[in-house]
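These notes concern the structure reproduced below.
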């Protein structure tokens, strides 16, 4: 499974925000800690905010904080926002059916994807943020 850079930054930022509690975290701070472009991080945080996962606070001392408790946010919510609905992708092996080796390989990849989705849905942001 390969995710884009925005997904990686969103997960890292979300964990930082969960650890920060009520304190605000700026895009520049997240970018600096993870060696990313402040502009890219700002776009990621804006997208999380528009999705209702973060709350933006403007002005002096502004930044972002979680809009909901970390225990109520799954990793799936964040990943889905940046990677799209996890629709089954065509697995290696083509469109063969039955006992054909291609079909068996396809079933293995479908099962792997199902397990990955289950894992993302079962892990809460609070779990990753725990010290």
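Of note:
- Here the label points at residue 67 and residue 23, each 7 Å from Cα along the C-beta direction, are separated by 2.4 nm in the simple model.
- Simple spin-label estimate for residue 60 and residue 32 in nanometres, 7 Å along Cα-Cβ: 1.9
- Translational diffusion of the chain, µm² s⁻¹ [Kirkwood Rh, Cα pairs; Stokes-Einstein; 37 °C; 0.692 mPa s]: 203
- Mean projection of the Cα convex hull over all viewing directions, computed for the stretch 40-79: 3.1 nm².
- Spin-label model distance (nm) - residue 128 vs residue 100, 7 Å beyond Cα toward Cβ: 3.8
- Taking the fewest neighbouring Cβ atoms within 10 Å as the starting point, the ordered list for 43, 2 is 2, 43.
No value in this document is a laboratory result; all are computed from the given coordinates. Just so it is clear, the structure is predicted and the values come from calculations on it, not from any experiment. Backbone-built Cβ (ideal geometry, glycine too); neighbour counts: all protein chains shown.
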